[in-house]
Amino acid sequence: MTSVFDKISEMPLIAILRGIRPGEVIEVCEILSETGFRFVEVTTNSPEWQKSIRLIKAHFGDNLVIGTGTVLTAQDVEQAVEAGSQVIISPNFDADVVRLTKELGLISAPGCFTPSECFEALKAGADILKIFPAEVLGQPFIKGVKAVLPEGTRICPTGGVTPENITDFQKLGVFALGMGSALYSPGKSAQDLRTSAERFVSAMR
């Protein structure tokens, strides 16, 4: 478990690959890996998402942390584990999903929108709090909620993260940052993806 957190800390950017297809997943992940990304998330509303995760696992091994996103049910958790995922990520907080994730030995990152959800998620065993959507809640919310959460709570703002505001988020002491369409979208060219990835990594460093 510690090694996964350490790997995320090396480059705390989560590439959310919503809508990715198995036929492009290796090329996309190769570009992300080459530019410095260490964490990719395949969402359950992507075509044949389990196949994509298996392909990433087979091709990259331990070089990439693999997360499954938009996990809404216990069945999603079980399918993600079977595919080879290491981190279970949700847009919402569901105590049953968090508990099952921990029972199966995976890292839990539920979405939270209120202080109450943050505390309830931690009580259920969450390892990372995905503050979502971050562009709606804003950085003042993150600063405020971080002040009352237990010291060392790992916070991951997601939604609306751009190369231009990464530094501001970093100043808040967040654990990681998740980005979706600002980085990847289906049909984006390899060169455009590389350019976007390089901008995110450069901003983080």
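Every number here is computed from the coordinates shown, using simple stated rules; none is lab data. These figures come from a predicted structure and were not determined experimentally. Methodologically, a virtual Cβ is constructed for each residue, glycine included, from the backbone with ideal geometry; neighbour enumeration extends over all protein chains shown.
Summary table
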quantity: Any hit, region 33-45, residues being surrounded by fewer than 16 Cβ atoms within 10 Å (Cβ to Cβ) and either assigned to a helix (DSSP H, G or I) or small (Gly, Ala, Ser) (or both); calculated: yes
quantity: Which listed residue is in contact (Cβ under 8 Å) with a residue 24 or more places away in the chain, surrounded by fewer than 20 Cβ atoms within 10 Å (Cβ to Cβ) and either closer than 27 Å to GLU24 by Cβ or out of contact with any His (no Cβ under 6 Å at 6 or more places or on another chain) (or both), from LEU177, LEU104; calculated: LEU104
quantity: LEU129, sole failed condition from (1) surrounded by 15 or more Cβ atoms within 10 Å (Cβ to Cβ); (2) at positive phi; calculated: (2)
quantity: Positions within region 63-79 being more than 22 Å from ASP94 (Cα to Cα) and either of a type in the set (S, T, N, Q) or outside any loop (DSSP other than H, G, I, E, B) (or both), in sequence order; calculated: ASN63, VAL65
quantity: Residues satisfying the stated conditions in region 188-205, i.e. farther than 15 Å from ILE14 by Cα and β-branched (Val, Ile, Thr); calculated: THR195
quantity: Residues (in contact with a Phe, Trp or Tyr (Cβ under 7 Å, 6 or more places away or on another chain) and either without any contact (Cβ under 8 Å) to a residue 60 or more places away in the chain or assigned to a loop (DSSP other than H, G, I, E, B) (or both)) located in region 8-19; calculated: MET11, PRO12
quantity: Search result, residues across region 122-140 that are free of Cβ contacts under 8 Å to residues at least 12 places away in the same chain and under 15 Å from LEU177 (Cβ atoms); calculated: GLY138
quantity: Given (1) in a helix (DSSP H, G or I); (2) more than 28 Å from SER202 (Cβ to Cβ), number of the condition PHE60 does not satisfy; calculated: (2)
quantity: Scan of region 153-193 for residues that are over 18 Å from the mean Cα position of the chain (by Cα) and on the phi > 0 side of the Ramachandran plot, ordered by number; calculated: GLY187
quantity: All positions within region 58-88 that are among the aliphatic types (A, V, I, L, M) and either in contact with a Pro (Cβ under 7 Å, 6 or more places away or on another chain) or within 15 Å of VAL25 (Cα to Cα) (or both); calculated: ALA58, LEU64, VAL65, ILE66, ALA83
quantity: Residue that is touching a residue at least 40 places away in the same chain (Cβ under 8 Å) and either farther than 21 Å from GLY159 by Cβ or surrounded by fewer than 16 Cβ atoms within 10 Å (Cβ to Cβ) (or both), where the choices are GLN75, GLN50, GLN86; calculated: GLN86
